[in-house]
Amino acid sequence: MPTTDHGVTSPSRARIGERTLRQDRWWLQPLTTFVVFSAFVVYATVRAFMGRDYYASPYLSPFYSPCLGDCVEGASDFGQPFAWWPLSAALIILIFPLGFRMTCYYYRKAYYRAFWLSPPACGVAEPHGAYSGETRLPLVLQNVHRYFWYAAVVVGLVLTFDVVLAFRPMPAEYAVGDGETSGIHMGLGTLLMIVNVVFIWLYTLSCHSCRHIVGGRLRHFSQHPVRYRLWTWVSRLNTSHGRWAWYSLFSVALVDLYIFLLATGTIQDLRFF
Amino acid sequence: MSYTLKLRIWRGDSDGGEIQDFPVEVSDGEVVLDAIHRVQATQAGDLAVRWNCKAGKCGSCSAEVNGRPRLMCMCRLSDFEQDETITVTPMRTFPVIRDLVTDVSFNYEKAKQLPAAKLGPRDADGKRRMAQVDVERGQEFRKCIECFLCQDVCHVVRDHEDNKEAFAGPRFFLRYAELDMHPLDTHDRRELAQGAAGLGMCNITKCCTEVCPEGIKITDNAIIPMKERVVDRKFDPLVWLGNKIGLRNKDVEGRTEV
């Protein structure tokens, strides 16, 4: 039974036994977040450690991009400086998008509520006896978020480059008809990667640290009209930061799943031209 | 059209109390505070309730309606089903005085600890000037009516009485942010915000924003920007280096740390 002796049942407060009097389904949102995030973590962990089926030319899974380890032929567009790395190539680069999301102000809200129940919902007592917030290790490290944002911009550029590469002609073994390996190609994979990279950019550019960096830290907007304008654009995106966080989470998993199914030969790419 | 509302009200004082039933006749268009007043007028003349403007502008009638921090005067009965039971309790973060009235002096103590604006010298003609765009930036923060619902819902103090000494709360982070963004203020409160005011204890779960009757985006527009400013001051080695070599001195130019 959770204890709230230091909280809403403290001696000076109104004596009410219940930890909350909310009658709505307050538990639904944290439960949904818990289930979806857990499913993503399990899926991403499995895929990251697999070390195979991440490249179906010309598509490269975002979990493995840029592929800097000992990757399959055609997947390493930026060389293989970590060819000696014995484990999956995804583990070399996933720390950056993972770190970006783990320290993200939106995700922090979501997982503090859903996983740590701190608090599970507004006006619902949390089950912990003590609380120090983000003042101590390890949570004080949430303050490095801006550095992960810098890395996320680089990741976004790489994924954008991957989209350009996804228009490349497909190799002969994927061809399903005459002449399909020549010229520019576009398939369902290309489309999914475009959608993914749009969501990734919306998520990256709507970041609170980005908002601070482009202009939020200023004291005089009037003396920096260009940065003020940038700040208003980012501010507009920022109001939907949580939405972009969810959409990009789904899109990145979907693109990876699609490429996995292609690479394992389970399905064939739906080609538009 | 009127109907009988199944109303429950917490009654008691610091020695104890309980939630009691007060079925009361209410009409379309009324708010919870109307129902409370009718109970006071017809059934419980000694029911203690703090209120003033009945228009959502004075911030007096803060309470919890079905467990959610609300202004009673802005809580429409039409938002509930007619057969739904409505439970009204005092704010559960502050010491109770009697019935729905709590002692919110915690907030005034925190307000005293926040250094007021210290403006720089006037222009040659004796005036001070701010560009309109800089004036507008702080307007959202000045909508605060000090109802203290954000302070009430904040789990840092709601669920941890022992944090009250070290934590100022969202209403005052709003003030810290407003002053730190003020182009004419000469105090640098970033260290103070993180240290004495306990900004680092906030884990940005956004309940303050959810309950704000003025719709102020407390978390996105005040707390997180203030946290980022604190990162500039305390946690970012590049900003520190920039300050040292003179490339990044606009943050502290003309300001004195308090």
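No value in this document is a laboratory result; all are computed from the given coordinates. Predicted model only: the values in this text are computed from it and were never measured. Note that each Cβ is placed from the backbone with ideal geometry, even for glycine, and that neighbours are counted across all protein chains shown.
Assorted remarks:
- Chain A: relative contact order in percent, alpha carbon pairs under 8 Å with at least 6 residues between: 22
- Helix A:225-238 axis, angle to chain A major axis (alpha carbon atoms, nearest 10°): 80
- Label point 7 Å beyond Cα of B:M130 along Cβ direction - residues of the range B:175-206 with amide nitrogen under 19 Å: B:175-190
- Fully extended contour minus Cα-Cα distance, from A:W233 to A:S132, at 0.36 nm per residue: 32.9 nm
- The Cys residues in chain A with no partner Cys Cβ within less than 4.7 Å of their Cβ are A:C104.
- Projected over every direction and averaged, the convex hull enclosing the alpha-carbon atoms of the range B:2-102 yields 5.8 nm².
- Coarse-grained scattering of chain A at q = 0.15, 0.17 Å⁻¹, given as base-10 log I(q)/I(0) from a Debye sum over alpha-carbon atoms: -1.15, -1.31
- Difference of contour (0.36 nm per residue) and Cα-Cα distance, B:K143 to B:A44: 32.2 nm
- Direction-averaged projected area, Cα convex hull, the range B:105-257: 10.0 nm², rounded to one decimal.
- The range B:39-67-the range A:191-246 distance, computed between alpha-carbon centres (Å): 42
- Size descriptor, Kirkwood hydrodynamic radius, that averages inverse alpha-carbon separations across the range B:109-163, Å: 14.9
- Whichever aspartates and glutamates have a C-alpha closer than 14 Å to that of B:K206, once near sequence neighbours (fewer than 8 apart) are set aside: B:D152, B:D220
- Cysteines in chain B lacking any other cysteine Cβ under 4.7 Å from their own Cβ: B:C61, B:C73, B:C75, B:C144, B:C147, B:C154, B:C202, B:C212.
- The order of A:F260, A:F100, going from fewest to most other C-beta atoms within 10 Å of their C-beta, is A:F260, A:F100.
- Within 10 Å of each Cβ in B:224-233, the average number of Cβ atoms from other chains: 5
- Label-to-label distance, nm, for residues given as B:M74 and A:D24 (7 Å Cα→Cβ offset): 1.5
- Zone residues, the range B:138-163, relative to B:Q113, backbone N less than 13 Å from point 7 Å out along Cα-to-Cβ: B:157, B:162-163
- Scaled radius of gyration (Cα, divided by 2.2 N^0.38 Å) that the protein assembly as shown gives: 1.14
- With contributions of -39500 (n - 2.57) from each DSSP H run of at least four residues, the per-residue ellipticity at 222 nm computed over chain A stands at -14500 deg cm²/dmol.
- By other beta-carbon atoms within 10 Å, ranking B:L119, B:L100 with the fewest at the front produces B:L119, B:L100.
- Estimated [θ] at 222 nm from DSSP helical runs (n ≥ 4, -39500 (n - 2.57)) normalised by residues in chain B, nearest 500: -7000 deg cm²/dmol
- Rounded tilt (10° steps) of A:241-263 against the dominant C-alpha axis of chain A: 40
- Hydrodynamic radius (Kirkwood) for chain B, which is based on Cα pairs only, to one decimal in Å: 20.4
- Alpha-carbon centroid distance for the pair the range B:186-225 / the range B:92-162, whole angstrom: 10
- Inter-chain neighbour count for A:130-140: the average number of beta-carbon atoms from partner chains within 10 Å of each residue's beta-carbon is 5.
- Pairs exceeding a 29 Å alpha-carbon distance, out of A:K109/B:K118; B:K110/B:K244; B:K127/B:K250; B:K110/B:K217: A:K109/B:K118; B:K110/B:K244.
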